[in-house]
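Trainee: Mind having a look at this structure? Questions to follow.
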Amino acid sequence: MTRTNPPVEEADERELEVGEPKDWAAGVPGVLHSMQPAIKHMGAVNSAKTLLALNQKDGFDCMSCAWPDPGHRSNFEFCENGAKAVTWEATPVVISTDFWAEHSVSDLLEKSEYWLGMQGRLTEPVHKPAGEDHYKPVSWSEAFSILGERLKTLDSPHQAAFYTSGRTSNEAAFIYQLFVRAFGTNNLPDCSNMCHESSGWAMGQTIGIGKATVRYEDFAQADLIIIMGQNPGTNHPRMLTALEGTKKAGGHIVAVNPMPEAGLKRYKNPQRVSGVIGRGTDIADQFMQIRLGGDMALLQAVSKRVLDAEAKNPGTVLDHEFLDKHCQGLDELREHLSELDEQAVLEATGLRIEEIDELAERYLKADRVIITWAMGLTQQKKGVATIKEIINLLLLRGNIGKPGAGASPIRGHSNVQGDRTMGIWEQMPPSFLDALENEFGFDAPREHGVDAVETINQMRDGAIKAFIALGGNLVSAISDTQAAEAAMRNTDLTVQISTKLNRSHTVIGKEALILPTMGRTEIDVQATGPQFVSVEDTVCAVHPSWGKVEPVAPNLLSEVAIVSRLARAVLGDMDNINWDGFERNYDLIREHISHVVDGCEDYNTKIRQEGGFVLPNGPRDSRTFRTPTGKAIITVNELEHVERPPGTLILQTLRSHDQFNTTIYGHNDRYRGIKKGRHVVFVNPDDLAELGFSDGQLVDVHGEHQDGMERVLRKFRLVSYPTARGCAAAYYPEANVLVPLNHVAEGSNTPISKAVIVRLELSSDQVQAAPV
C-alpha cells in the first residue's frame with residue numbers, strides 16, 4: 001500500500017545540539033537505529049522481507065557501500081547504514097501526480113536534499129519544457145520520443161555526456177556504455193571520477209590493475225592492517241566485523257586519520273554477547289593522528305626505515321626473491337629515500353618520530369600486511385603518488401600475492417567497481433573497444449571522452465549541450481557547487497534516471513526530463529519472467545541480486561528497460577544489437593558480457609553458482625603484473641606537503657553518520673556528538689584559541705584559493721573537536737562550495753576535497769550551541 005507526500009520538517013540549525021563524541025561504534029544503538037526507521041516507514045512485513053534478504057546469497061545486494069560478503073553469512077548480514085538505504089528506497093511513500101502542479105522548479109530549488117528525498121518515490125516520467133517552471137507528467141512513449149529527438153538533432157555525439165552512478169547494475173552499465181559508444185562518443189563520466197580514480201591510476205601504473213589485491217578472508221589472516229584515510233564505522237560499517245575477526249585471530253591494526261573515529265576505536269558487535277553487554281573489541285592498537293596531506297610523507301618514512309633495517313642486516317628484511325623475480329625500481333627508490341628529510345616528514349605529518357618508528361616496527365614484525373584506504377587519500381593533490389607509496393611499501397616485503405596481505409582500496413558505492421569493469425569509463429583501453437567492435441559490428445569511438453570535472457567545464461563553455469544521468473546526483477556530488485550549478489543550467493537538456501528526488505532534479509537545463517526507475521529491492525519481471533542483476537564488490541567478487549518486494553508503482557521501468565528503450569529511440573533497430581531482447585531477458589546481456597569483458601567468460605553459468613564468482617586478479621592470484629614490463633613497478637615520487645598560511649586551516653569534507661553520499665537520511669551524526677543539524681565546522685580547540693575563536697560561535701568559512709572567486713559557507717557553528725592541529729572538517733555536500741572545480745589531484749583529475757585552505761570570520765549573528 002502506497003502513501004503520498006507526508007509533511008517533512010526541515011532542520012532548524014538554531015536548535016543544533018553538540019555533545020561528546022563516542023568512543024565506540026554499533027552495539028544496541030546500531031540495531032535500534034536500523035530497525036526503528038525500517039518498521040516506521042516500511043512496516044514490519046516489508047522490513048522483514050527486505051532486511052532479511054539484504055546481502056544474502058538468494059537476496060539483493062545492498063545499494064549502500066561495496067563491502068564484500070563473507071562466505072558464511074549470518075541471518076542479519078546488514079549494518080545500520082544498509083538498513084537506512086533499504087528503508088529510503090523501499091518506502092511506500094510516492095510522489096503524487098498533483099505534486100508537480102503544486103511545486104514549481106523554483107520552489108523545489110529552495111528545498112534541502114533531505115526534504116527532496118523524503119517526498120517519496122518517483123513513479124511517472126515528467127517533462128519540463130524550455131521556458132516553463134513546472135515539470136508535467138508525460139507517458140513513457142512521449143518521454144523517449146522527446147529524448148530521442150533531442151539527441152538525434154545534436155551537431156555531434158560529443159555534445160552529450162552520459163553520467164553513471166555506482167548503484168547501476170552490471171547489466172544496465174554494460175548496455176548503457178554500449179548505447180553511448182554506438183551513439184558515437186566516449187563521454188562516460190561516472191562517480192568514480194570523484195572518489196577512487198586516484199586508486200585506479202596509481203595501481204594500474206604500478207601493478208597493472210586498479211582493484212584490491214585481497215579477498216574477504218585475507219582480513220582474518222593478516223598480521224597487520226593499516227587503515228588510512230578511512231572511517232569504517234560510518235562509511236562501511238560491516239568492515240568492523242572483519243576487523244574484529246583480525247583482532248580475534250591475533251592480528252594488529254593501525255589507524256591513520258586526521259580525526260579519531262568511533263569505529264576505529266572500539267566495536268560492539270550486536271550479534272555477539274560481548275557486543276551487547278560487554279566492552280566489545282578494541283580496534284586500533286595504534287592511532288596516528290596525521291595532518292591532512294601528510295600520508296605520503298609517512299609512507300616514505302616507513303619505507304626508508306624498512307630499507308635502513310635491510311642495510312643493517314642484509315638479506316633478512318626485504319623479500320629479495322619476490323623483488324628479484326617480480327619487481328623493478330628498487331635501487332632508484334633506495335637512492336631517493338636516502339635523502340628523505342626527517343624534519344620535513346614531521347612537519348608534513350604532524351606526528352612524533354616515535355610514532356613513525358612504532359609503525360615501522362609493527363610493519364617489520366608482520367609477515368602478512370594489508371593496507372586499506374579510502375577517500376582520505378584519493379582526494380589529495382598527491383593522491384596518486386601517495387597510493388603509489390602504499391604499493392612501494394607493500395612490495396618491499398612481498399605483501400602482494402599471498403594470503404593475508406595486499407592493497408585494499410575500499411569502494412564507497414555498491415557497484416562503482418562493477419560499472420568500470422563493464423566499460424563505464426571515458427578512457428577504456430583499446431582491447432575492450434576491439435572486443436566491443438567484434439561482438440557488435442560497429443566502429444567504437446577511440447577518442448577519449450570527458451570525466452566528471454571536464455563535463456562541468458564543457459557544459460559551462462557550451463560544448464556539452466545534453467546531460468543524461470543513470471542515477472546519482474552530480475550537481476551536489478561534484479566540487480565547486482556554484483560553478484557546477486551554473487554549468488548545468490547552461491545546457492539545453494538534462495535527463496535524470498532516478499528512484500527519488502535530489503538537487504540534480506532542480507538544477508537543470510533549459511529542458512529537463514525525469515525518468516523514474518525501479519530500485520534494487522524490487523521484483524523485476526520482464527516478458528520472459530523474473531529477472532536478476534549482478535554487481536561487483538570491492539574485492540572483485542561478482543554476485544546476483546534479486547529484488548524481494550513488489551514495485552512501488554506498476555508504471556515503473558527497470559534501468560535495463562529504460563536504457564534499452566532510450567537506445568531504440570535514438571539509434572533505431574541495429575542489425576547486431578538486440579535492444580528489445582536485452583529488455584526481455586537479461587541473460588542475453590550477460591551472454592554478450594561473457595564475450596567482451598575479461599574474466600567474465602561463461603557469465604550466465606558462473607553468476608548462478610552459489611555466491612557468484614570472483615574475477616581473476618593477476619597480482620593477487622599469481623603475482624603476475626600487466627604492466628609494460630610484466631613486473632610490478634616501484635616508483636619514485638617527489639614529496640610535497642600542504643602549506644598552511646598563517647591564520648588559515650586545512651579543511652576536509654566528510655560524511656555524517658546519517659547520510660550516504662549526497663543522500664541525507666537525517667540531521668544527526670551521533671558518533672561525533674552532533675544532533676539536529678549539519679552546519680558545523682570541526683576545529684581543534686588549540687587552533688580555536690590560537691585564531692581567537694571559541695566553541696559555539698557562528699563563523700563564515702572562506703575558501704582561500706587564489707582564483708578571484710568568492711567561495712564561502714555562511715553561519716556555520718564552530719565545534720571544538722580533537723582533529724589534528726591545523727586541520728578542520730565540514731560535511732559534504734554542503735562544503736563542496738569551497739572546493740574549486742579545477743583544484744584536482746595530479747594524474748587522476750579527482751577533486752581535492754581533503755586539502756582545502758580556509759579562513760574563518762565571525763558571522764554577524766551569534767547564537768551559542770545548545771549543550772546536550
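Trainee: Quick one: grab Rg to one decimal and Dmax as a whole number for region 133-179, Cα atoms only, in Å.
Mentor: My reading of the Cα-based Rg and Dmax gives 13.4, 36 Å.
Trainee: From the gyration tensor of the Cα coordinates in region 690-772, what semi-axes in whole Å does the equivalent ellipsoid have, largest first, with each one equal to sqrt(5λ)?
Mentor: 25, 14, 11
Trainee: How far is the Cα center of region 342-417 from the Cα center of region 555-604, in Å?
Mentor: With region 342-417 and region 555-604 each reduced to a Cα centre, they are spaced 40 Å.
Trainee: Using a 1.4 Å probe over the heavy atoms of the protein chains, calculate the carbon and sulfur portion of the accessible area of region 100-147 as a whole percent.
Mentor: 50 percent
Trainee: Quick one: accessible surface of Lys136, probe radius 1.4 Å, all protein chains present, in square angstrom to the nearest 10.
Mentor: 90 Å²
Trainee: Per residue, how much accessible area does region 592-701 have with a 1.4 Å probe, in Å²?
Mentor: About 40 Å² of surface per residue is accessible.
Trainee: A further question on this structure: With +1 on each Lys and Arg Cβ and -1 on each Asp and Glu Cβ, how big is the dipole of the chain about its Cα centre, in debye rounded to the nearest 20?
Mentor: 1700 debye
Trainee: I need the semi-axes of the equivalent ellipsoid of region 61-217: take the C-alpha gyration tensor, multiply each eigenvalue by 5, square-root it, list largest first in whole angstrom.
Mentor: Three semi-axes, in Å: 34, 26, 14.
Trainee: Give the separation of the Cα centroids, region 200-219 to region 93-135, in Å.
Mentor: 42 Å
Trainee: Let me ask something else about it. Using the per-residue mean of other Cβ atoms lying within 10 Å as a proxy for protection, in what order, highest first, do the peptides 618-627, 711-720 fall?
Mentor: 711-720, 618-627
Trainee: At a 1.4 Å probe, what is the % contribution of carbon and sulfur to the accessible area of region 476-615?
Mentor: Whole-percent figure for carbon plus sulfur exposure: 46.
Trainee: Oh, and also: Taking N as the number of residues in region 110-190, what value does Rg over Cα atoms divided by 2.2 N^0.38 Å take?
Mentor: Dividing the Cα Rg of region 110-190 by 2.2 N^0.38 Å gives 1.31.
Trainee: Can you figure out the FRET efficiency of Glu361 with Asp621, using R₀ = 22 Å and their beta-carbon distance, to the nearest 0.05?
Mentor: Result of the calculation: an efficiency of 0.10.
Trainee: Additional query: Taking 7 Å along the Cα-to-C-beta vector as the label spot, tell me the Glu550-Asp580 distance in nanometres, rounded to one decimal.
Mentor: 2.9 nm
Trainee: Please work out, to two decimal places, the log10 of the ratio I(q)/I(0) at q = 0.05, 0.07 Å⁻¹ from a Debye calculation in which every Cα of the chain carries one identical scatterer.
Mentor: So the normalised log intensities work out to -0.23, -0.47.
Trainee: Using a probe of 1.4 angstrom, how much of the accessible area of region 323-432 is carbon and sulfur, in percent?
Mentor: The nonpolar share, carbon plus sulfur, comes to 48 percent.
Trainee: Mind checking Rg over Rh on region 630-772, alpha carbons, Kirkwood formula for Rh?
Mentor: 1.02
Trainee: Hey, if you drop one equal point scatterer on each alpha-carbon of region 559-663 and run the Debye formula without solvent, what base-10 log of I(q)/I(0) do you get at q = 0.12, 0.14, 0.23 Å⁻¹?
Mentor: Evaluating at q = 0.12, 0.14, 0.23 Å⁻¹ gives log10 I(q)/I(0) of -0.86, -0.93, -1.17.
Trainee: Take region 376-448, drop everything but the C-alpha atoms, weight them equally and run the Debye formula without solvent; then report log10 I(q)/I(0) at 0.12, 0.17, 0.24 Å⁻¹ to two decimals.
Mentor: Reported log10 I(q)/I(0), two decimals: -0.56, -0.90, -1.07.
Trainee: Right, something else. Taking only the Cα atoms of region 554-621, how large is their convex hull per residue, in Å³?
Mentor: 133 Å³
Trainee: Taking a probe of 1.4 Å, how large is the accessible area per residue of region 300-454, in Å²?
Mentor: Result: 37 Å² of accessible area for each residue.
Trainee: For Ser139 and Gln328, calculate 0.36 nm times their separation in residues minus their Cα-Cα distance, and state this gained length in nm to one decimal.
Mentor: My answer for the length gained is 62.0 nm.
Trainee: For the chain, what's the relative contact order in percent, using C-alpha pairs closer than 8 Å and at least 6 residues apart?
Mentor: 22 percent
Trainee: With just the Cα atoms defining each centre, how far is region 149-191 from region 419-489? Give it in Å.
Mentor: 7 Å
Trainee: Kindly state, to the nearest 0.05, the FRET efficiency for Val525 paired with Arg608, given R0 = 22 Å and r defined as their beta-carbon distance.
Mentor: 0.75
Trainee: For the pair Glu20 and Glu354, what calculated FRET efficiency results from E = 1/(1 + (r/R0)^6), where r is the Cβ-Cβ distance and R0 = 35 Å, to the nearest 0.05?
Mentor: 0.80
Trainee: Just to compare against my own numbers: the Cα pair-distance distribution for region 184-242, 10 Å bins, whole % per bin, please.
Mentor: 17, 39, 34, 8, 3
Trainee: Whose amide H sits under 5 Å from the amide H of Leu651, counting only residues 5 or more places off or on another chain, with H placed in the peptide plane?
Mentor: Ala728, Val756, Ile757, Val758
Trainee: Classify region 279-416 as rounded, prolate or oblate from the Cα gyration tensor: take a ≥ b ≥ c as the square roots of its eigenvalues, call it rounded if a/c is under 1.5, otherwise prolate when a/b beats b/c and oblate if not.
Mentor: rounded
Trainee: Further, regarding this structure: How much length is gained if the chain between His595 and Ser764 is pulled fully straight, taking 0.36 nm per residue apart and subtracting their Cα-Cα distance, in nm to one decimal?
Mentor: Stretched fully, the His595-Ser764 segment lengthens by 54.5 nm.
Trainee: Also, quick follow-up: Between Arg272 and Asn490, what is the label-point separation in nm under the 7 Å Cα-to-beta-carbon projection?
Mentor: 5.4 nm
The values are calculated or read from the model by the stated rules, or taken from the named source; none is laboratory data. Only a predicted model underlies this, so the values are computations on that prediction, with no experimental measurement involved. Reconstructed Cβ throughout: ideal geometry from the backbone, glycine too, with neighbour counts over all protein chains shown. Just the protein is used for accessible areas: all its heavy atoms, side chains included, with ligands, DNA and RNA removed. Shrake-Rupley method; radii C 1.70, N 1.55, O 1.52, S 1.80 Å.
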